[in-house]
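Asks: I'd like to ask you about the structure that follows.
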Amino acid sequence: MGKSRARLFRRAPRAAPGPEQQRHGERGPEEEAAAELLDKLQHPSAEVKEYACASISRLLQQQHVIPAFVQRDVVRCLGPLLMDPSLAVRETAAGALRNLSACGGFDVCDDMVTNDIMTPLVALLKECSTGLDANQLSPKKCRGVNKNYIEDIANEAINLLWNICECNNTALYIFNKEGCLEAVLHCMKKFATNVDLAISVANCLQAVTEDNPDLLSSFNASAQQILETVLLCPESTMKHILLRTLIAGTIWNIKDTIPPGSLGSTVNAILKVFSESLAIDAGKTIIRMNEAEKIRLKLAVEAETEENMSDTTENCVLSEDDNMEEMPKGKLRRENDVSDLLPSDKWELKEVTALLTAQQTALEIIVNMCCNEDPSDDEWEELSSSDESDLFMENSYNEGSGLLLSPLCLSDEVNSAFLNNLIPKKILEKTAFPNSVALDICMHNPSWKPLIKKLNAVQCRALTCLQSILLVSDVDCLGGALALQSLAQHLSQLIFSKSELPTDTEFLEAVTSALRGLLQTMASKNISQCMTPEQLLALCEAGIQSSNASVRVNVVSILGISGSVLAKGQDTAGILKMIGKFLLEVAMKESSLVVAGEALDALFDVFADGKEAEEAALQIKLLPTLKEFQPVFRMRIRKEGKGQYSTDQLCVLDNVKMNLRRFIAYQETLGKTPT
């Protein structure tokens, strides 16, 4: 049991709202607001409808409000407004539906499709695609520039389409059937002048091309040329880096449409984009951008002060009647200006957010590149077998350059591209903890605080990426004991560098997965372990308390791997006794059968052979304890297995049950053998 497959990343689903509050005979504030605003959508005035849509859009960002709107058929109320004669109404209606789809979760997206949102949405998208070339500008300015309604509507519509297609297969089918790809790609042509629209298109494309073979035939030479043009665009802003990263992910999704002779150069271009993204130091970027924001805000305050002084001087020459006439007009404009509802411009924060999103996306795609998505039964058996330790990795260190690894699942020329772009070195750099100065900036700035979660996510994705490379790399190209030991020390430092062991579940799962794969490889090559027995036990005692079963599986497996190495040494019976007691306790008391099975598997490995292992087994009474536990384990599988565990998990547990019987028989023969 135990040698888990590399993780295949999927696009994250939308979070579902909390449980709906049931009200009987009483309308709460949410219901009152929903009813009032939905009524305004029927008003003949475009300004009133625009205001209502913008207000609904803002409220729908609060998940507890969503049920009140859903109960009143908000989709059927807003859907027709996507084709309203007023462009402003179209935009705000699309924005409200976008927020509903993003914050409502799968059930709400399903409801939107059931209520036929795709019909007006597809019509709007195609009309926007046709109208993009008209370059229709409004005299109304938004943040100092003329507003392009068609592009802004297209941006909202594509984000809505992305959200729904990501959550609902019927929407994806309609996307394919209605030929939406052509309209979406036409919007991508605006990437040189509207990078925000292009990023929305790229997000949508990456979502709709994932596991969608029916769409592949639509990617003709013209469509691929558009993607290639964007991939090779030279702009260096963080938003453009994110754009190229998303397009690289889309191209990887449609790789089956690329001629075999061009695959190597295409993947080299993809990896070059990832290398560019991962090479940027996010911590230093946060520090630099934070300083830029301070300077910009300071200059803005100074400019506003000068403008106010100028206005004061000018107002002195106005008559009292002039003042009385101008004031109401100013108030009226403020009340009807929907742009006040939009977030303030924070371009520095947006740039950093784009960078971290690009890095996280690049790492997730690299993980997928290292995975076979549909392994055969034989491949699964190999990955599940505790004896097949030669499946893991190749690596070498250049002096000062870090790991160089080559994934087996790709062709030789693709392997070469992987190494030439120094992808593994940059992945290793991302596994380090985030810059402490950057973290301090984020901690003390409310609007920047969400970046902490993104920084941590990049680190965890890098660790998962490292584990994936370990799983698929060729052991014949190992860089030697020093390279592996250096990596082991790095991972150990991540775990033990602070006074207390880490408790963050996502980090623990990522770092223990990487360490598990590495220690297995080191054990297969008889390379000495860098972690002391005390460190191992400390890690396992902390990890076994985790609420995440994968963390518990990893630490038990790590202990089994290290224990099997110690069993081959001298004077190790004492530590083997401690390891054995720990694993026995986990096997007998663990609530998850998967973790209990992993603990038994680890026991089989640790006490498989050697005089030290035999001595420790006698001291902890391993044989009688396992004989007593055997019927309990069989009973648990019969009672708890059905309905709680997958078919694959049950097959592995059945294998553990069989191995337990064999191991007991083996231990009994040891007791009969004369000493």
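The values are calculated or read from the model by the stated rules, or taken from the named source; none is laboratory data. Here the structure is a predicted model, which is why all the values come from computation and not from measurement. With ideal geometry, Cβ positions are generated from the backbone for all residues, glycine too; neighbour counts draw on all protein chains shown. Ligands, DNA and RNA are stripped out before the accessible areas are found, and what is left, the full protein with its side chains, is counted by its heavy atoms. Shrake-Rupley method; radii C 1.70, N 1.55, O 1.52, S 1.80 Å.
Asks: Among (1) touching a Cys at 6+ places or on another chain (Cβ under 9 Å); (2) open to solvent by 10 Å² or more (accessible area, probe 1.4 Å), which single condition is Lys272 missing?
Replies: (1)
Asks: In addition: Sort out which residues of the range 44-75 are buried (at least 20 other Cβ atoms within 10 Å of the Cβ) and among the basic types (Lys, Arg), and write them in order of number.
Replies: Within the range 44-75, just Lys49 meets the criteria.
Asks: Here are Lys189, Lys239: which of them is open to solvent by 30 Å² or more (accessible area, probe 1.4 Å) and touching a helix residue (DSSP H, G or I) at 6+ places or on another chain (Cβ under 6 Å)?
Replies: Values: Lys189 fails: touching a helix residue (DSSP H, G or I) at 6+ places or on another chain (Cβ under 6 Å).
Result: Lys239 is the single residue among Lys189, Lys239 that is open to solvent by 30 Å² or more (accessible area, probe 1.4 Å) and touching a helix residue (DSSP H, G or I) at 6+ places or on another chain (Cβ under 6 Å).
Asks: Also, quick follow-up: Limited to the range 544-565, what total is found for residues that are surrounded by fewer than 18 Cβ atoms within 10 Å (Cβ to Cβ) and within 18 Å of Phe633 (Cβ to Cβ)?
Replies: 1
Asks: Further question: Just one of the numbered conditions (1) touching a helix residue (DSSP H, G or I) at 6+ places or on another chain (Cβ under 9 Å); (2) in a helix (DSSP H, G or I); (3) farther than 22 Å from Phe433 by Cα is not true of Leu482; which one?
Replies: Result: Leu482 fails condition (1) only.
Asks: Which numbered condition trips up Val201, out of (1) in a helix (DSSP H, G or I); (2) farther than 24 Å from Cys370 by Cβ; (3) open to solvent by 20 Å² or more (accessible area, probe 1.4 Å)?
Replies: (3)
Asks: Within the range 159-172, identify whether any single residue is surrounded by fewer than 18 Cβ atoms within 10 Å (Cβ to Cβ), in contact (Cβ under 8 Å) with a residue 24 or more places away in the chain, in contact with a helix residue (DSSP H, G or I) (Cβ under 7 Å, 6 or more places away or on another chain) and among the hydroxyl-bearing types (Ser, Thr, Tyr), and answer yes or no. Talk me through it step by step, then tell me what you get.
Replies: Keep residues of the range 159-172 that are surrounded by fewer than 18 Cβ atoms within 10 Å (Cβ to Cβ), which gives 169-170.
Within this subset, residues satisfying the condition of being in contact (Cβ under 8 Å) with a residue 24 or more places away in the chain are 170.
From what's left, in contact with a helix residue (DSSP H, G or I) (Cβ under 7 Å, 6 or more places away or on another chain): 170.
Next, from what is left, pick out any that are among the hydroxyl-bearing types (Ser, Thr, Tyr): 170.
So far as the range 159-172 goes, yes, one or more of its residues are surrounded by fewer than 18 Cβ atoms within 10 Å (Cβ to Cβ), in contact (Cβ under 8 Å) with a residue 24 or more places away in the chain, in contact with a helix residue (DSSP H, G or I) (Cβ under 7 Å, 6 or more places away or on another chain) and among the hydroxyl-bearing types (Ser, Thr, Tyr).
Asks: Next up: In the range 599-621, how many residues are of a type in the set (Asp, Glu) and in contact with a Ser or Thr (Cβ under 6 Å, 6 or more places away or on another chain)?
Replies: Residues meeting the conditions: 3.
Asks: Quick one: which of Lys568, Lys577 is touching a residue at least 40 places away in the same chain (Cβ under 8 Å), of a type in the set (Lys, Arg) and either outside any helix (DSSP H, G or I) or open to solvent by less than 20 Å² (accessible area, probe 1.4 Å) (or both)?
Replies: Details: Lys577 fails: either outside any helix (DSSP H, G or I) or open to solvent by less than 20 Å² (accessible area, probe 1.4 Å) (or both).
Testing whether each residue is touching a residue at least 40 places away in the same chain (Cβ under 8 Å), of a type in the set (Lys, Arg) and either outside any helix (DSSP H, G or I) or open to solvent by less than 20 Å² (accessible area, probe 1.4 Å) (or both) leaves just Lys568.
Asks: Follow-up. Hey, any hits in the range 28-51 for a residue that's part of a loop (DSSP other than H, G, I, E, B), over 30 Å from the mean Cα position of the chain (by Cα) and more than 23 Å from Ala88 (Cβ to Cβ)?
Replies: Kept after step one, since they are part of a loop (DSSP other than H, G, I, E, B), are these residues of the range 28-51: 28, 41-45.
Imposing the further condition that a residue be over 30 Å from the mean Cα position of the chain (by Cα) reduces the set to 28, 41-45.
Okay, now just the ones that are also more than 23 Å from Ala88 (Cβ to Cβ), so 28.
Yes; the residues of the range 28-51 include at least one that is part of a loop (DSSP other than H, G, I, E, B), over 30 Å from the mean Cα position of the chain (by Cα) and more than 23 Å from Ala88 (Cβ to Cβ).
Asks: Further question: Among (1) open to solvent by 70 Å² or more (accessible area, probe 1.4 Å); (2) modelled with pLDDT of 50 or more; (3) part of a loop (DSSP other than H, G, I, E, B); (4) not hydroxyl-bearing (Ser, Thr, Tyr), which single condition is Cys371 missing?
Replies: (1)
Asks: Which of the residues that make up the range 164-195 are over 16 Å from Val230 (Cβ atoms) and aliphatic (A, V, I, L, M)?
Replies: Ile164, Ala171, Leu172, Ile174, Ala183
Asks: What do you reckon, is Val458 buried (at least 19 other Cβ atoms within 10 Å of the Cβ), at negative phi and at pLDDT below 80?
Replies: Criteria not met by Val458.
Asks: If you don't mind, there's one more thing I want to ask. Which one of these is at pLDDT below 95 and either of a type outside the set (Lys, Arg) or assigned to a helix (DSSP H, G or I) (or both): Leu600, Leu660, Leu670, Leu626?
Replies: When all the criteria are applied, what remains is Leu670.
Asks: Another question, then. Please state which one of Leu97, Leu125, Leu78 is part of a helix (DSSP H, G or I), within 25 Å of the chain's Cα centre (by Cα), modelled with pLDDT of 95 or more and surrounded by 19 or more Cβ atoms within 10 Å (Cβ to Cβ). Let's see the steps before the verdict.
Replies: Working: Leu125 fails: within 25 Å of the chain's Cα centre (by Cα); Leu78 fails: within 25 Å of the chain's Cα centre (by Cα).
Exactly one residue qualifies, and that residue is Leu97.
Asks: Pairs only if they're at least six apart or on different chains, beta carbon under 6 angstrom, first in the range 257-268 and touching a residue at least 40 places away in the same chain (Cβ under 8 Å), second surrounded by 16 or more Cβ atoms within 10 Å (Cβ to Cβ) and aromatic (Phe, Trp, Tyr); list them, first residue then second.
Replies: From residues that are touching a residue at least 40 places away in the same chain (Cβ under 8 Å), the pairs are Thr257/Phe219.
Asks: When only residues in the range 613-641 that are in contact with a Lys or Arg (Cβ under 8 Å, 6 or more places away or on another chain) and in contact (Cβ under 8 Å) with a residue 24 or more places away in the chain count, which is nearest to Leu566 (Cα to Cα)? Please lay out each step first, then the result.
Replies: Keep residues of the range 613-641 that are in contact with a Lys or Arg (Cβ under 8 Å, 6 or more places away or on another chain), which gives 616, 619-620, 630, 633-634, 637.
Going one step further and asking which of them are in contact (Cβ under 8 Å) with a residue 24 or more places away in the chain, we end up with 616, 619-620, 630, 633, 637.
Numbers: Ala616: 12, Gln619: 17, Ile620: 17, Gln630: 26, Phe633: 27, Ile637: 31 Å.
Here the residue is Ala616.
Condition check ((1) under 24 Å from Cys460 (Cβ atoms); (2) at pLDDT below 90) across all residues:
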position: Leu227; (1), (2): no, no
position: Leu232; (1), (2): no, no
position: Met238; (1), (2): yes, no
position: Pro259; (1), (2): no, yes
position: Glu276; (1), (2): yes, no
position: Glu293; (1), (2): no, no
position: Asp311; (1), (2): no, yes
position: Glu314; (1), (2): no, yes
position: Val317; (1), (2): no, yes
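Asks: Criterion first (assigned to a helix (DSSP H, G or I), within 30 Å of Glu429 (Cα to Cα), at pLDDT 95 or above and open to solvent by less than 70 Å² (accessible area, probe 1.4 Å)) does Arg244 satisfy it?
Replies: Yes: the conditions hold for Arg244.
Asks: A further question follows. Can you spot a residue in the range 216-223 that is closer than 21 Å to Thr130 by Cα, outside any helix (DSSP H, G or I) and of a type outside the set (A, V, I, L, M)?
Replies: yes
Asks: Let me ask you something else. What residue, among those in the range 495-540 that are open to solvent by less than 10 Å² (accessible area, probe 1.4 Å) and more than 18 Å from Arg552 (Cα to Cα), is modelled with the lowest pLDDT?
Replies: Per the criteria, the residue is Thr521.
Asks: Yes or no: the range 579-599 includes at least one residue that is over 14 Å from Val556 (Cβ atoms) and not aliphatic (A, V, I, L, M).
Replies: Pass one, the range 579-599, residues over 14 Å from Val556 (Cβ atoms): none.
Within the range 579-599, none of the residues are over 14 Å from Val556 (Cβ atoms) and not aliphatic (A, V, I, L, M).
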